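Data block below; observations after.
The values are calculated or read from the model by the stated rules, or taken from the named source; none is laboratory data. Computed from a predicted structure; not experimentally measured. Every residue, glycine among them, receives a Cβ derived from its backbone with ideal geometry; neighbour counts consider all protein chains shown.
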Amino acid sequence: KTLESGKVTWESPSNIALVKYWGKKKDQIPENPSISFTLTNCKTITTLHFYKKENTNVFSFDVFLDNKPKDDFKPKIETFFKRIELYLSFLKDYHFKIETTNTFPHSSGIASSASGMSALALCLMSMEKQLVGDMEQTYFNNKASFLARLGSGSACRSIEGDLVVWGKHGNIEGSSDLFGVKYPYKVHENFRNYQDTILLVDKGEKQVSSTVGHNLMHNHPFAQERFKQAHNNLNTLMGILESGDLNAFIAIVESEALTLHAMMMTSMPYFILMKPNTLEIINKIWSFRKETGLHVGFTLDAGANVHVLYPENEHARILEFINNELVAYIENGQYIADKIGLGARQV
Ligand code: PMV
């Protein structure tokens, strides 16, 4: 089939890892398997316009964020195109206009790479599907995730919901280093509509990019132990997802978050992405949990923001706690109420 011009739009969510990916090999292959909750409200909406062109020797594209030209996104997209050229033969046949927008505030410290790269990968897969004709849904999803991985590792976990595994794990059938797959086993109803309230502690530019952070895991003194631990934690988490043991869930997830940051603090050079208010919030969560017995826990990304995780049925009291006790530690009292989600969709 041939396509002269057209457009396609996808919206794709962010995700938050429970067992973290930190450290990678060549070609964005993770050093250890990870698992994440797909989110609902934090998402990127991308429209890809395509126009067949004459010169097929170069990539050609323009990028717009919120309707304004965004030339500083171009190098990252150029790199992405180079990496995926081998897998999408039509890339140099078209001029692209990429229009993108995020539902979360720009430079809020919420990384848009997972939602942004997955949305773009999905748009390109929709083109591929139109060009080849029919395509099986599983193939479509796997390849979209495969391409997204080459844009940003964690982006490969944003295609589907509600729990996604990326990285080969001996006990998880179908798991792969090459793409994310929907967690294939039964999950206890305690995790249904699990809540994630994202507290925006620091909106400043990150001091150390995740690319640099991943690379510091090479020759890291604790790397091998950490990779083993991630395998074990994922194994333990599998049992927890089945039994619905929320205390055990919190213990694994909080330990994973602190271990991620411990790896940063013990690499050479070392760095700290948490801020004083990150620790204030963590301590408040711990004392509130001790006092009330409610199942509130936290996780962290590669930044200072705190993801407050809790089951839906405890939502009222925990939100009250957030509003009364935690907002004092966040910039302009800003937080994002999010929850576990179902994955990307074509608009
Ligand atoms: O996808 P990247 O290369 O930006 O790596 C992000 C890694 C963490 O967010 C810190 C952890 C994870 O598994 O998402």
| request: May I ask you to say which residue of Gly167, Gly174 is within 16 Å of the ligand (Cβ to nearest atom) and either touching a residue at least 24 places away in the same chain (Cβ under 8 Å) or outside the structural domain of Leu273 (by TED's automatic domain parsing) (or both)? | output: Gly167
| Subset of segment 291-307 [away from the ligand (no atom under 16 Å from the Cβ) and outside any loop (DSSP other than H, G, I, E, B)] | Glu291, Thr292, Gly297
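When you scan segment 142-156, do you find a residue that is in the same structural domain as Leu122 (by TED's automatic domain parsing) and in a loop (DSSP other than H, G, I, E, B), even just one?
Quick first cut of segment 142-156, residues in the same structural domain as Leu122 (by TED's automatic domain parsing) only: 142-156.
Checking which are in a loop (DSSP other than H, G, I, E, B) leaves us with 152.
Yes, the conditions are met somewhere in segment 142-156.
Give Leu300, Leu279, Leu294, Leu309 a once-over and let me know the one that is within 28 Å of Asp245 (Cβ to Cβ), touching a helix residue (DSSP H, G or I) at 6+ places or on another chain (Cβ under 7 Å), surrounded by fewer than 19 Cβ atoms within 10 Å (Cβ to Cβ) and of a type in the set (A, V, I, L, M). Walk me through it before giving the result.
Details: Leu300 fails: surrounded by fewer than 19 Cβ atoms within 10 Å (Cβ to Cβ); Leu279 fails: touching a helix residue (DSSP H, G or I) at 6+ places or on another chain (Cβ under 7 Å); Leu309 fails: surrounded by fewer than 19 Cβ atoms within 10 Å (Cβ to Cβ).
Among Leu300, Leu279, Leu294, Leu309, only Leu294 is within 28 Å of Asp245 (Cβ to Cβ), touching a helix residue (DSSP H, G or I) at 6+ places or on another chain (Cβ under 7 Å), surrounded by fewer than 19 Cβ atoms within 10 Å (Cβ to Cβ) and of a type in the set (A, V, I, L, M).
Regarding segment 236-245, can at least one residue be identified that is hydrophobic (A, V, I, L, M, F, W, C) and either in a strand (DSSP E or B) or in contact with a Lys or Arg (Cβ under 6 Å, 6 or more places away or on another chain) (or both)? Explain how you work it out, then say what you get.
Step one: list which residues in segment 236-245 are hydrophobic (A, V, I, L, M, F, W, C), which gives 237-238, 240-241.
So of that shortlist, the ones also either in a strand (DSSP E or B) or in contact with a Lys or Arg (Cβ under 6 Å, 6 or more places away or on another chain) (or both) come out as none.
No.
Could you list, in sequence order, the residues of segment 263-277 that are without any contact (Cβ under 8 Å) to a residue 40 or more places away in the chain and out of contact with any His (no Cβ under 9 Å at 6 or more places or on another chain)? Steps first, please.
From segment 263-277, those without any contact (Cβ under 8 Å) to a residue 40 or more places away in the chain are 265, 270, 272, 274, 276; that's our starting set.
Across segment 263-277, the qualifying residues are Met265, Tyr270, Pro276.
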| request: Go through segment 4-44 residue by residue and tally those that are under 20 Å from Met127 (Cα atoms), over 15 Å from the mean Cα position of the chain (by Cα) and either within 13 Å of the ligand (Cβ to nearest atom) or not aromatic (Phe, Trp, Tyr) (or both). | output: 6
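Among Glu314, Glu280, which is the only one that is in contact (Cβ under 8 Å) with a residue 24 or more places away in the chain and either part of a loop (DSSP other than H, G, I, E, B) or more than 16 Å from the ligand (Cβ to nearest atom) (or both)? Spell out how you get there, then give the answer.
Working: Glu314 fails: in contact (Cβ under 8 Å) with a residue 24 or more places away in the chain.
From the options Glu314, Glu280, the qualifying one is Glu280.
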| query | In segment 176-228, what residues are closer than 14 Å to Met264 by Cβ and among the charged types (D, E, K, R)? | reply | Lys206, Arg226
| query | Mind checking which residues of segment 206-228 are surrounded by 17 or more Cβ atoms within 10 Å (Cβ to Cβ) and either away from the ligand (no atom under 15 Å from the Cβ) or of a type in the set (Gly, Ala, Ser) (or both)? | reply | Ser210, Gly213, Ala223
| message | Anything in segment 188-205 that is surrounded by fewer than 17 Cβ atoms within 10 Å (Cβ to Cβ) and either part of a loop (DSSP other than H, G, I, E, B) or within 16 Å of the ligand (Cβ to nearest atom) (or both)? List them, or say none. | response | His188, Arg192, Asn193, Gly204, Glu205
| task | Determine, yes or no, whether Asp177 is in a loop (DSSP other than H, G, I, E, B), in contact with a Gly (Cβ under 6 Å, 6 or more places away or on another chain) and over 30 Å from Asn277 (Cβ atoms). | result | yes
| request: Please state which of the following conditions Ile159 fails to meet, knowing it meets all the rest: (1) among the β-branched types (Val, Ile, Thr); (2) buried (at least 18 other Cβ atoms within 10 Å of the Cβ); (3) at pLDDT below 95. | output: (3)
| message | Looking at the structure I just gave you, is Asn171 at pLDDT 95 or above, part of a loop (DSSP other than H, G, I, E, B) and within 23 Å of Ile336 (Cα to Cα)? | response | no
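In segment 82-104, which residues are touching a residue at least 40 places away in the same chain (Cβ under 8 Å) and over 22 Å from the mean Cα position of the chain (by Cα)? Talk me through it step by step, then tell me what you get.
Here is the first cut: in segment 82-104, the ones touching a residue at least 40 places away in the same chain (Cβ under 8 Å) are 83-84, 87-88, 90, 93-104.
Within segment 82-104, Tyr87, Leu88, Phe90, Asp93, Tyr94, His95, Phe96, Lys97 qualify.
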| field | Tally, over segment 296-330, of residues that are closer than 13 Å to Glu280 by Cβ and among the aromatic types (Phe, Trp, Tyr) | value | 2
| said: Tell me whether segment 201-217 contains one or more residues that are more than 19 Å from the chain's Cα centre (by Cα), modelled with pLDDT of 95 or more and in the same structural domain as Thr299 (by TED's automatic domain parsing). | reply: yes
| task | Of all residues in segment 128-147, count the ones that are surrounded by 20 or more Cβ atoms within 10 Å (Cβ to Cβ) and out of contact with any Gly (no Cβ under 8 Å at 6 or more places or on another chain). | result | 6
